[in-house]
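Okay, structure first, notes after.
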Amino acid sequence: MKILEKIKAHKLIEIQQRKQIKSIEQLKLSELYNRASIDFKASILSKNNRAIIAEFKRQSPSKGVIHLDADVISIVKGYESNGAAALSILNDNHFFGALETDFANARASVNLPLLQKDFILDEYQLVEAKAIGADAILLIAKMLPVERIKVLADYAHQLGLQVLLETHTEQEILDHLHTEFDLIGINNRDLNTFEVNIQHSIALANLLPQQAVKIAESGIQDANTLLELANNGFSGFLMGEYFMKTANPAEQLNALQQEIRR
């Protein structure tokens, strides 16, 4: 079984378990449920094709343990003070090692827009994201049929959440030209093989409408790669391992910011 299929199978079980613990009605009683969202898309566009979405994650299926004992509060504050346009906070425990408190601690610590990074399969997860203070959610084209993605995107918008739609193939892009997303991500990493190909992403970007806000995801390991992607129409860059594998992720972000401003 491929990793994405394993994740989906486990997530479906997890969702049912979470529904038993806390109902949608209970989630809607959260203090954060009715907060005004921070405009994720506007924050990306304000950085003139240099918007870094700095990610907090402890591990991944492809890299194993990255920074298991990381202090989420100090790291997200460091990301904010070093110019991140937005943050991505992993919300999956089984495959990515996220603690149940990670997102809540991040939300309480910064004023940046937050992407709740999870494998969304059900409307329940969208209400959950809203209840913990997310501003945007990720929908992965490879995980669900096109019409199901459209339904979830519409519901996310009803809740006041923006949608980052992740694609990886030409067909996924063509299938979703009429999906109501706010930003579209092209994952440089093939989730079946975990191989990274930046040129593949650049080629796909040319298929997107001119006005689409394009986000490059995964595998960006240096300033030159980021700048090449920026020159090919990408506005934002979702980067996690590049920062999290270091002893001081905020310092690594600061160093990258200096390089891309030259």
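For residue 260, project a label point 7 Å along Cα to C-beta. Then give me every residue of segment 53-77 with its amide nitrogen under 13 Å of that point. The answer is 53-55.
For the chain, modelled as a GNM whose springs connect Cα atoms under 10 angstrom apart, the maximal fluctuation among 161, 208, 238 occurs at 208.
Heavy-atom accessible surface of residue 144, to the nearest 10 Å², is about 20 Å², with a 1.4 Å probe and all protein chains retained.
Using the Kirkwood radius over C-alpha pairs as Rh, can you work out the diffusion coefficient of the chain via Stokes-Einstein at 20 °C, viscosity 1.002 mPa s, in µm² per second? Before the final figure, lay out each step's value.
Values: Rh = 18.3 Å.
In µm²/s, the coefficient is 117.
Qualifying chymotrypsin sites (Phe, Trp or Tyr not before Pro) in segment 169-262, where qualification requires a DSSP coil assignment and no more than 14 other C-beta atoms within 10 Å, comprise 194.
Between residue 155 and residue 9, what is 0.36 nm times their sequence separation minus the Cα-Cα distance? Round to one decimal in nm. Don't skip to the end; give the middle numbers.
Values: separation 146, 0.36 × 146 = 52.56 nm, distance 2.26 nm.
Going from the current span to full extension adds 50.3 nm.
Here is the P(r) of segment 113-262: all C-alpha pair distances, binned every 5 Å from 0, give 2, 9, 19, 20, 20, 16, 10, 4, 1 in whole percents.
On the beta carbon distance between residue 100 and residue 195, with R0 = 41 Å, the FRET formula returns roughly 0.80.
What full-extension length gain, to one decimal in nm, is calculated for residue 26 and residue 223 as 0.36 nm per residue of separation minus the Cα-Cα distance? Walk me through the intermediate numbers first.
Values: separation 197, 0.36 × 197 = 70.92 nm, distance 4.45 nm.
Fully extending the segment from residue 26 to residue 223 adds 66.5 nm.
The dipole here belongs to segment 1-133: it is taken about the Cα centre, uses +1 on the Cβ of Lys and Arg and -1 on the Cβ of Asp and Glu, and is about 300 debye.
Using a 1.4 angstrom probe on the protein heavy atoms only, line up 214, 77, 19 by accessible area, largest first. Present the calculation step by step, with values, prior to reporting the outcome.
Working: 214 15, 77 105, 19 70 Å².
The ordering from most to least exposed comes out as 77, 19, 214.
Given a 1.4 angstrom probe, I'd like the percentage of the accessible area of the chain that is carbon and sulfur, rounded to a whole number.
Values: 5440 of 11540 Å².
Roughly 47 percent, rounded to a whole number.
In order along segment 203-217, phi translates into HN-Hα couplings of 4, 5, 4, 5, 7, 7, x, 3, 7, 5, 8, 9, 10, 8, 10 Hz, rounded to whole numbers, per the Karplus curve 6.51 cos²θ - 1.76 cosθ + 1.60 with θ = phi - 60° and x for Gly and Pro.
The values are calculated or read from the model by the stated rules, or taken from the named source; none is laboratory data. Please read these numbers as outputs of a predicted model, since none were measured by experiment. A quick note on method: Cβ atoms are made from the backbone with ideal geometry, for glycine too, and the neighbour counts reach across all protein chains shown. Note: accessible area is taken over every heavy atom of the protein model, side chains too, but ligands, DNA and RNA are not part of it. Shrake-Rupley method; radii C 1.70, N 1.55, O 1.52, S 1.80 Å.
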